[in-house]
Amino acid sequence: MSRSRKASSNLVPPAEHEGSGRVSKHRRVYEHLLANIESGVLKSGDRLPSEAELGKLFEASRITVAKAVHDLQRMGLVTRRPGAGTHVLGEKKQSGRTFGLLIPELGLTEIFEPICNGMMRAQFAKPDALLWGNSSTSVEDSAKAAEQVAESFIEKRVSGVFFAPLELASEKDAANRRIARILDRAQVPFVLLDRCYMPYPERSAHDLVGVDNRRAGYIATSHLLEHGARRPVFVGEERAANTVDARITGFYEALRVHEVKLDCDPVYRGSAADEAFVRKVLDSARPDGIVCANDLTAARLMQVLIGFGVQIPSEIRIIGVDDVRYASLLPVPLTTVHQDCAGIGAAAIATMLQRLDQPKLPIRDVLVPVRLVVRRSCGAHLDASTNRANGGE
């Protein structure tokens, strides 16, 4: 009992710092407990404070605290015993390897959490441990933080790193190259998640696991064209990952295959939440269909268009890429290209293990298949109703 009180008294919330308000409470609880375990403040056998005590300490709900503790349990750092509480485990006695997760935009990009869950659930990864690098919720702070995480993984002598290159930071290209050099100099193998850090269509000398983004762009655009769109445009954020460039290539290929010729360049880069930008797209292109770089762009665009009084899909059809959790819950359920994030995670683990066992294997792109998920935003249901009214099947 005294040991439990000692462990509880040692837990002090981290000092407030500039920008801490943007860090989720779940991350604050998780990272503080992890730091106490790694530093030895919480030792093997120590009992963690109860969820209620941690909730008071961090001014967080019990659900938030339980999620943080569950993350520690999945890493094999703590164990929960019914009626006895949660205790710190001793150092793992196993032959498995330890891998680092270097995902600077984990809290900003929807696909990475399910990818990581796919890694942890992969049956062949059970003996291995995954170390989570601290993530920054500030885009511009994420580059420096990612470099520091890379250095920390080297100090911990991880067997390999899963690296999702920075996307939106202004100096992302230079920062991504620095991180790659840091890991290469230390001879730490790394597998790229979702995208390469080189500008499209250039390619680095490291394995990559993701999807065929050119095909995703082609599928999305072809679907709109097959359902009557004749003035489609593509909308994506500036400084987006090179996966967006690949989707744009697929967009152009679909226009060519369907023999659609447009009067102006149909690709627009800017914030879909910016009303002035969206108005510019509408006025200059008069689109009847919009392919969005991803579902987040589609959600923001949909909100602005609805605010303008535009009817979706009768006036403008919209399609996204990713199939994130909220895609079906938008004001007009979103048609999108589904990424199998769990499959990407499992394939990433397999690729890493093969690279470690066979270092001389050729560099590979491991591409998990995508599929179209049809909902109301593309207007396919309108076409089906028209066909029935005209006596079609």
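Given the options Val41, Val88, Val23, name the one that is at pLDDT 75 or above and within 30 Å of the chain's Cα centre (by Cα).
Within the list Val41, Val88, Val23, the selection yields Val88.
Just checking, which of Arg74, Arg47, Arg81 is at pLDDT 85 or above, at negative phi and not acidic (Asp, Glu)?
Only one candidate passes the filter, namely Arg47.
Might you check whether a residue that is in contact with an Asp or Glu (Cβ under 9 Å, 6 or more places away or on another chain) and surrounded by 21 or more Cβ atoms within 10 Å (Cβ to Cβ) occurs anywhere in segment 354-369?
The answer is no, given that none of the residues of segment 354-369 is in contact with an Asp or Glu (Cβ under 9 Å, 6 or more places away or on another chain) and surrounded by 21 or more Cβ atoms within 10 Å (Cβ to Cβ).
Answer with yes or no whether Arg231 is on the phi > 0 side of the Ramachandran plot and either more than 28 Å from the chain's Cα centre (by Cα) or at pLDDT below 95 (or both).
It is false that Arg231 is on the phi > 0 side of the Ramachandran plot and either more than 28 Å from the chain's Cα centre (by Cα) or at pLDDT below 95 (or both).
I'm trying to understand the selection: among the residues of segment 196-244, which are within 14 Å of Leu168 (Cα to Cα) and assigned by TED's automatic domain parsing to the domain that holds Pro287?
Answer for segment 196-244, where residues must be within 14 Å of Leu168 (Cα to Cα) and assigned by TED's automatic domain parsing to the domain that holds Pro287: Gly236, Glu237, Glu238, Arg239, Ala240, Ala241, Asn242, Thr243, Val244.
Do the conditions hold for Arg247, that is, is it charged (D, E, K, R), within 30 Å of Gly160 (Cβ to Cβ) and assigned by TED's automatic domain parsing to the domain that holds Phe190?
Spelling it out, it is not the case that Arg247 is charged (D, E, K, R), within 30 Å of Gly160 (Cβ to Cβ) and assigned by TED's automatic domain parsing to the domain that holds Phe190.
Report, by residue number, each residue of segment 202-234 that is among the hydrophobic types (A, V, I, L, M, F, W, C), over 17 Å from Gln339 (Cα atoms) and buried (at least 23 other Cβ atoms within 10 Å of the Cβ).
Matches in segment 202-234: Leu224, Ala229, Val233, Phe234.
Where in segment 209-323 are there helices (runs of 4 or more DSSP H), lying wholly inside it, with at least 1 residues that are within 20 Å of Arg371 (Cβ to Cβ)?
The helices (runs of 4 or more DSSP H) meeting that bar are 213-226, 242-257, 295-308.
Give the number of residues within segment 182-204 that are outside any loop (DSSP other than H, G, I, E, B) and under 13 Å from Leu102 (Cα atoms).
Of the residues in segment 182-204, 6 are outside any loop (DSSP other than H, G, I, E, B) and under 13 Å from Leu102 (Cα atoms).
Just the residues that are of a type in the set (A, V, I, L, M) and either touching a Gly at 6+ places or on another chain (Cβ under 6 Å) or part of a helix (DSSP H, G or I) (or both), please, taken from segment 353-374.
Those that are of a type in the set (A, V, I, L, M) and either touching a Gly at 6+ places or on another chain (Cβ under 6 Å) or part of a helix (DSSP H, G or I) (or both): Leu353, Leu356, Val368.
Looking only at segment 266-296, which residues are over 23 Å from the mean Cα position of the chain (by Cα) and β-branched (Val, Ile, Thr)?
Val267, Val278, Val281
Restricting attention to segment 194-210, does a residue exist that is in contact (Cβ under 8 Å) with a residue 60 or more places away in the chain and in contact with a Pro (Cβ under 7 Å, 6 or more places away or on another chain)?
So far as segment 194-210 goes, no, none of its residues is in contact (Cβ under 8 Å) with a residue 60 or more places away in the chain and in contact with a Pro (Cβ under 7 Å, 6 or more places away or on another chain).
Taking segment 40-63, which residues are outside any helix (DSSP H, G or I) and among the aliphatic types (A, V, I, L, M)?
The answer is Val41, Leu42, Leu48, Ala60.
When Val149 is evaluated against the numbered criteria (1) modelled with pLDDT of 90 or more; (2) over 23 Å from Val29 (Cα atoms), which criterion, by number, is the only one it fails?
The one condition Val149 does not meet is (2).
Return yes when Asn176 is polar (S, T, N, Q), within 16 Å of the chain's Cα centre (by Cα), at pLDDT 90 or above and more than 21 Å from Leu361 (Cα to Cα) and no when it is not.
The answer is no for Asn176.
The values are calculated or read from the model by the stated rules, or taken from the named source; none is laboratory data. Remember, predicted model here, so these are calculated numbers, not experimental data. All Cβ positions, glycine included, derive from the backbone under ideal geometry; neighbour counts span all protein chains shown.
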